[in-house]
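Below: one structure, written as structure tokens.
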Amino acid sequence: MTTVQRVQPPPPAAAIRPKVVARAGLYAVLGANVCVVTTFFFQAGLGSNALMLLGRLAGLYGALLMAFQLLLVARLPWLDRRIGMDRLTSWHRWVGFGVLWTLVTHMVFITFGYAQLSSLPPVDQFVELATTIEYVLRAVVALALIITVGIVSARFARRRLSYETWHFIHLYMYVAVLLAFSHQVAVGTTFTTSATATAYWWTLWGAALGSVFLGRVVLPLRRNLRHQLRVSAVVPESDNVVSIYVTGRDLDQLPARAGQFFLWRFLTRERWWQANPFSLSAAPDGRQLRLTAKTAGDGTAALRHIPVGTRVFAEGPYGAFTTLHRTRPDTLLIAGGVGITPIRALLEELHGHAVLIYRVATDRDAVLYDELRELAAAKGTELHLVTGPATPDKLAPEALARLVPDVCERDVFVCGPPGMTSAVLRSLRELGVPRQQIHFERFSLAG
């Protein structure tokens, strides 16, 4: 049976990269809104208390950052395909800490400003504000929720929590957003003194929350209702690796590309509440999707026992690890372990000369290797299976240069364990591979 692949040619050399366009657009949107917020701040009047003045400004910037933070995790397809969920999630995390500190600054300076006017001790003044003004109490609760989310998002805490637990706690951020917004509507100076500023803030919050609702609720529901995904086959690839084939309706209309991933929910009694990010391990052909997973824990080990016919709820496709970002006609693909899955899918879609380096500890760890050999032979791809212990580094700069002498003339796609990925990225930079030719994603999720 002939498989029809939707081959995407690389952009012209002079074209502006999609990632650059999207990133510049985000910076421009944030910068323009900072200017607007600052203008409204000065138009509202400065007052005579410097502490309250600084507190008000910090609160406005905190509200703006909170809205921007929502946009970063709205999972809007246009942004995700160009920047990637990993980078958007990383930016979301750092913007979140910016929200935390600007709102703490807002609370502290406003409290000390009122204390200066009333001659009350700051703690007494804070208690009076929180207990006598309803919308201030809401702001205090919102800040407490943001601090809680910030603590569990810190690396030391994040490593100790399951994804489901962390995600459940993270959802309280949306409660904090609503409480903070109600506080701003009731007592914010720009809401009470300027009709134009009021319209601006309603529009800003409406766009931010609307983006989240569209990207996180409407699009997934719409796609799953349309495509009606079900498991069509479960195929063990080795003792600890399994491939799952998914079929559905109108899959040729699903905007998935090789290199992307979905958040998969298999709707059995035991697994419906678990969402796992797995990459496509074959290029979408319009008839079926395939994911291949390493069964590392109890949750993923149960994948090989999923009954054929099980309904599937898939969120996505996500990720910028695609040929959309190619800048050169030839390609180097570097995979480690089960990171071969998006690389194998990319190889199907690529045109031009490709070199594939597959790094594993032993031959037995080479997932899908028979498929890779057949595919490489059909496409004229150079395939190198690199085995052995982690040290010495077999993907060090000199080793890569021997395997691929023209590495600097190729786009390079890297996917593997974090340690291997970091080591390969260092090697590529030491070899002088231009940054715009290096493509990778670290799969991490945010609320």
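With each label modelled as a point 7 angstrom along the Cα→C-beta vector, the D393-W94 pair spans 2.3 nm. Choose one answer from L88, L100, L161: the residue with the largest mean-square fluctuation in a GNM of the chain with alpha-carbon springs under 10 Å. Of L88, L100, L161, the most mobile in the Gaussian network model is L161. Computed from label points 7 Å out along Cα-Cβ, the spacing between H353 and F213 is 5.4 nm.
For E315, the shell of other residues with beta-carbons less than 9 Å away shows a net charge of +4, using +1 for Lys and Arg and -1 for Asp and Glu.
Which of T247, L54, P397 sits farthest toward the positive end of the charge dipole of the chain, with +1 on the Cβ of Lys and Arg and -1 on the Cβ of Asp and Glu? Checking the options against the dipole of the chain, the answer is T247. Of the listed residues S119, S90, the order by accessible area with a 1.4 Å probe, largest first, is S119, S90. Other residues whose C-beta falls under 12 angstrom from the C-beta of A378 contribute a net charge of -1, scoring Lys and Arg +1 and Asp and Glu -1.
Amide H to amide H, with H built 1.01 Å from N, V386 comes under 5 Å of Y358, R359, V360, counting only residues 5 or more places away or on other chains. With a Förster radius of 45 Å applied to the C-beta separation of V187 and R269, the computed FRET efficiency comes to 0.40. Surface composition of segment 129-199: carbon and sulfur make up 69 percent of the accessible area, probe 1.4 Å. Taken along the Cα-to-beta-carbon direction at a fixed 7 Å, the label points for D363 and T39 span 6.9 nm. If both residues of a DSSP beta bridge must be in the chain, then about 55% of such bridges are antiparallel. Mean residue ellipticity, 222 nm, helices only, the chain: the sum of -39500 (n - 2.57) across DSSP H runs of n ≥ 4, divided by residue count and rounded to 500, is -16000 deg cm²/dmol. Computed with a 1.4 Å probe over protein heavy atoms only, the accessible surface of the chain comes to 47 Å² per residue. Neighbours of V367 by Cβ distance under 15 Å: Lys/Arg scored +1, Asp/Glu scored -1, total 0. Length available on full extension from Q228 to Q288: 0.36 nm per residue minus the Cα-Cα distance, which gives 20.4 nm. Taking the Cα centre of segment 18-219 as reference, the dipole from Cβ charges on Lys and Arg (+1) and Asp and Glu (-1) amounts to some 940 debye.
Using Cβ point charges alone (K and R +1, D and E -1), the dipole size of the chain about the Cα centre works out to roughly 440 debye. Applying a length cut-off of 20 Å (Cα extent along the axis) and a mean Kyte-Doolittle floor of -1.0 to the DSSP H helices of the chain leaves 18-43, 50-72, 85-118, 134-153, 172-187, 195-213.
Which whole-angstrom value gives the distance between the alpha carbon centres of segment 125-144 and segment 225-291? Cα centroid to Cα centroid, the span is 47 Å. Taking square-rooted eigenvalues a ≥ b ≥ c of the alpha carbon gyration tensor, is segment 345-444 rounded, prolate or oblate, where a/c under 1.5 means rounded and, failing that, a/b exceeding b/c means prolate? In terms of gyration-tensor shape, rounded.
Under 1.5 on a/c is rounded, so check that first for the chain, then, if it is not, pick prolate when a/b is larger than b/c and oblate when it is not; a ≥ b ≥ c are the square roots of the alpha carbon gyration tensor eigenvalues. It comes out prolate by the Cα gyration axes.
The values are calculated or read from the model by the stated rules, or taken from the named source; none is laboratory data. On a predicted model such as this, the values are computed, not experimentally measured, just so you know. We place every Cβ from the backbone using ideal geometry, glycine too, and count neighbours over all the protein chains shown. These area figures cover heavy atoms from the full protein model, side chains too; ligands, DNA and RNA do not enter into them. Shrake-Rupley method; radii C 1.70, N 1.55, O 1.52, S 1.80 Å.
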